[in-house]
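**Student:** Following this message is one structure expressed as structure tokens.
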Amino acid sequence: AQSVTQLGSHVSVSEGALVLLRCNYSSSVPPYLFWYVQYPNQGLQLLLKYTTGATLVKGINGFEAEFKKSETSFHLTKPSAHMSDAAEYFCAVSDRYSGSTLGRLYFGRGTQLTVWP
Amino acid sequence: EPEVTQTPSHQVTQMGQEVILRCVPISNHLYFYWYRQILGQKVEFLVSFYNNEISEKSEIFDDQFSVERPDGSNFTLKIRSTKLEDSAMYFCASSETSGRGSPLHFGNGTRLTVT
């Protein structure tokens, strides 16, 4: 089974500062990679995904993530944090190989982002 | 933008009671899922459902759980005899295609509290 590690359960930044949320996966075959965001009392909303092609992917709300195979990482960044970015962020992966369950995502524990004024 | 809708948002039940959590997936989606998140733990896969049958289930999805698509729009998760450890946030999700890179669209969740 896949394992997803999000380093740091809580990250705090000032408004306007760089946001960096870390995600590493365990499999030797690069999986499909996703970042989801959860605002209070809401569901999980897809921020961005990597399936193939360009390793730097752009998502909604100014977020982007870079797939680095050599580091088995898919870190999420945003150049300038906004108060509205305060939420919980989940990294998730799904297997590429044909024997795996369709739609089965493996989630990290989540990182709570706090943005200070 | 189309949404996955879950009802109720919060359900409180006594241990041993049956509960049904309801979901209305996005209308043109064909693949349906249930996930859950116990407080402080990871979001975990429970079951996937396609063409009116379970595609796969996790080790969590034991005999007390069942899923059903009773009509063309609803997708339900039933827990027959709830236990304290079933307390969690339950998320329904749907996807349009079967591709493994297809993003899942999640509902807002149902918080189940078993007392």
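The values are calculated or read from the model by the stated rules, or taken from the named source; none is laboratory data. The structure presented is a predicted model; accordingly, all values stated were derived computationally and were not measured. Reconstructed Cβ throughout: ideal geometry from the backbone, glycine too, with neighbour counts over all protein chains shown. All accessible areas refer to the heavy atoms of the entire protein, side chains included, with ligands and DNA or RNA removed. Shrake-Rupley method; radii C 1.70, N 1.55, O 1.52, S 1.80 Å.
**Student:** Residue B:100 passes all but one of (1) under 15 Å from the mean Cα position of the chain (by Cα); (2) modelled with pLDDT under 95; which number fails?
**Tutor:** With (1) under 15 Å from the mean Cα position of the chain (by Cα); (2) modelled with pLDDT under 95 applied to residue B:100, the lone miss is (1).
**Student:** I would also like to ask the following. Restricted to region B:31-54, and to residues that are within 11 Å of chain A (Cβ to nearest Cβ) and farther than 21 Å from residue A:36 by Cβ, which residue is modelled with the highest pLDDT?
**Tutor:** Within region B:31-54, the match that is modelled with the highest pLDDT is B:54.
**Student:** Right, another one. Considering only residues that are surrounded by 23 or more Cβ atoms within 10 Å (Cβ to Cβ) and touching a Leu at 6+ places or on another chain (Cβ under 9 Å), look in region B:31-44 and name the one that is nearest to residue B:95 (Cα to Cα).
**Tutor:** Filtering region B:31-44 for residues that are surrounded by 23 or more Cβ atoms within 10 Å (Cβ to Cβ) and touching a Leu at 6+ places or on another chain (Cβ under 9 Å), the one nearest to residue B:95 (Cα to Cα) comes out as B:33.
**Student:** On to the next question. Could you check, for region B:77-88, whether at least one of its residues is more than 13 Å from the chain's Cα centre (by Cα), within 14 Å of chain A (Cβ to nearest Cβ) and not polar (S, T, N, Q)?
**Tutor:** no
**Student:** I need a count of the residues in region A:18-32 that are open to solvent by 30 Å² or more (accessible area, probe 1.4 Å) and aromatic (Phe, Trp, Tyr).
**Tutor:** Residues flagged as open to solvent by 30 Å² or more (accessible area, probe 1.4 Å) and aromatic (Phe, Trp, Tyr) within region A:18-32 amount to 1.
**Student:** Ok, one more. Looking at (1) in contact (Cβ under 8 Å) with a residue 12 or more places away in the chain; (2) farther than 21 Å from residue B:71 by Cα; (3) open to solvent by 10 Å² or more (accessible area, probe 1.4 Å); (4) under 16 Å from the mean Cα position of the chain (by Cα), which is the one condition that is false for residue B:13?
**Tutor:** (4)
**Student:** Which ones in region A:43-62 are in contact with a strand residue (DSSP E or B) (Cβ under 8 Å, 6 or more places away or on another chain), facing chain B (nearest Cβ under 8 Å) and not basic (Lys, Arg)?
**Tutor:** A:43, A:44, A:45, A:46, A:51
**Student:** Mind listing whichever residues of region B:66-84 are farther than 16 Å from residue B:5 by Cβ, open to solvent by 10 Å² or more (accessible area, probe 1.4 Å) and in contact (Cβ under 8 Å) with a residue 12 or more places away in the chain?
**Tutor:** Listed by number, the residues that qualify are B:66, B:67, B:78, B:80, B:81, B:83, B:84.
**Student:** On to the next question. Quick test for you: out of A:17, A:87, A:81, pick the one residue that is within 20 Å of residue B:91 (Cβ to Cβ), away from chain B (no Cβ under 13 Å) and in contact (Cβ under 8 Å) with a residue 40 or more places away in the chain.
**Tutor:** A:87
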